[in-house]
Amino acid sequence: MSFRRGALAATLTTTALVLSACGGDDGGDAPEPDVAEAPEFEAGTTMAEIAERGSITVGTKYDQPGFGLETLDGELEGFDVEVAKIIAAELGIAPEDIQWEQTPSAVREEVIEGGEVDMVVATYTINDERAERITFAGPYYEAGQQIMVAADNDEITGPESFTENPELKVCSVTGSTPADQIEQYLANPSSQLVLFDEYSQCADSLSNGQVDAVTTDNVILLGFVSESDGEFKLVGEQFTEEPYGIGIEKGDVAFCEFINETLADNEEAYVAAWEATAGQIEGTQTPELPEPAECV
């Protein structure tokens with residue numbers, strides 16, 4: 001498995017929280033998908049190009065327990081990583097021939113448009129604004145936004161707490177849907193919302209008291225909670241719906257349909273991938289593969 005970090009990729013912040021998350025899960029590794037031998041695709045398609053090349057470049061995140069996390073030995077693990085492997089295998093690409101590109105939220109559309117990656121699998125919420133620039137396959141998972149606070153914090157009970165208490169600060173990530181969604185609940189967005197490139201930086205800031213809360217999708221937060229040794233907790237209910245899609249070049253309908261068909265044909269591998277990664281986090285439930293949206 002090779003790693004390539006482009007100039008656009010933010011430097012990974014190695015924090016005590018994330019390092020503690022790298023110890024591995026009790027559930028073991030996800031089973032490697034069966035790699036197709038000499039698959040044939042219509043000439044001129046993205047699938048044919050990737051298969052002929054013999055490698056694929058995938059954008060993902062490196063700091064999210066359960067979904068995309070770089071371990072101490074330099075490997076990547078998580079549900080997004082395994083979903084990408086399932087798709088690559090149908091293209092005849094073995095895991096060791098995947099090139100991983102670190103893609104924080106703020107650069108995901110940019111690296112797709114610039115041709116730096118073939119696809120992005122990175123807790124990537126499908127929305128209309130992003131769909132103007134790229135095409136989404138999927139969704140392959142549906143999450144919801146929630147709030148994480150220190151375990152002894154009883155003041156914050158949900159997003160409305162930030163409206164009622166203008167002095168409270170909440171952290172999220174630049175270019176993310178959660179950062180946009182939380183603004184409607186803030187009395188003073190310019191002073192209350194703290195943005196970083198990566199959620200590990202938000203977790204650090206919560207740990208040292210620089211912010212009062214972190215907000216993103218519940219499954220991501222559950223990963224941080226599970227690795228915090230009781231330091232963090234979730235509060236309130238989820239207050240958005242976040243369908244995760246796979247980002248590819250705008251208008252590549254054939255590749256989009258191939259990805260959707262691949263996931264539909266590999267539901268057993270999809271479930272196994274979840275149970276070996278994000279499914280190891282307390283509080284998560286094994287999902288059913290959502291019905292895909294129309295490829296456009």
Across every pair of different alpha-carbon atoms, what Kirkwood hydrodynamic radius in Å does region 145-235 reach? 12.6
Helix 267-276: angle to the longest alpha-carbon principal axis of the chain, degrees 0 to 90, nearest 10? 40
Report the charge-dipole magnitude of the chain in Debye, nearest 20, computed about the Cα centre from +1 at each Lys and Arg Cβ and -1 at each Asp and Glu Cβ. 860
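Would you order Lys250, Lys169 from fewest to most other beta-carbon atoms within 10 Å of each residue's own beta-carbon? Kindly include the intermediate steps, with their values, before the conclusion.
Details: Lys250 15, Lys169 18.
Listing Lys250, Lys169 from fewest to most nearby Cβ atoms yields Lys250, Lys169.
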Return one number: the angle in degrees, 0 to 90 and rounded to the nearest 10, between the long axis of the Cα atoms of helix 79-90 and the longest principal axis of the Cα atoms of the chain. 10
Kindly state, to the nearest 0.05, the FRET efficiency for Glu291 paired with Glu155, given R0 = 45 Å and r defined as their beta-carbon distance. 0.65
Under the 7 Å Cα-to-Cβ spin-label approximation, Arg133 and Asp34 lie apart by a distance in nanometres of 3.9
Angle between the Cα long axis of helix 253-265 and the longest principal axis of the chain, 0 to 90 degrees, nearest 10? 80
Which of the listed residues, Ala254, Leu168, Gly230, is farthest toward the dipole's positive end in the chain, when Lys, Arg count +1 and Asp, Glu count -1 at the beta-carbon? Leu168
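In percent, what relative contact order does the chain have, based on Cα pairs under 8 Å that are 6 or more apart in sequence? The partial results should precede the final answer.
Values: 629 pairs, mean separation 79.7, N = 296.
Relative contact order here is 27 percent.
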Reduced to Cα centres, the span from region 42-81 to region 133-148 in Å works out to 17
Could you tell me what percent of the DSSP beta bridges with both partners in the chain are antiparallel, to the nearest 5? 60
Given 110-118, 278-286, the highest-first ranking by average Cβ count within 10 Å works out to 110-118, 278-286
Viscosity 1.002 mPa s, 20 °C: Kirkwood-radius Stokes-Einstein D of region 60-134 over Cα pairs, µm²/s: 165
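Taken together, the values in this text are just the output of simple stated rules run on the coordinates, not laboratory data. Note that the structure is predicted; figures quoted are calculated from it, not measured. Neighbour counts run over all protein chains shown; Cβ positions are idealised from the backbone, glycine included.
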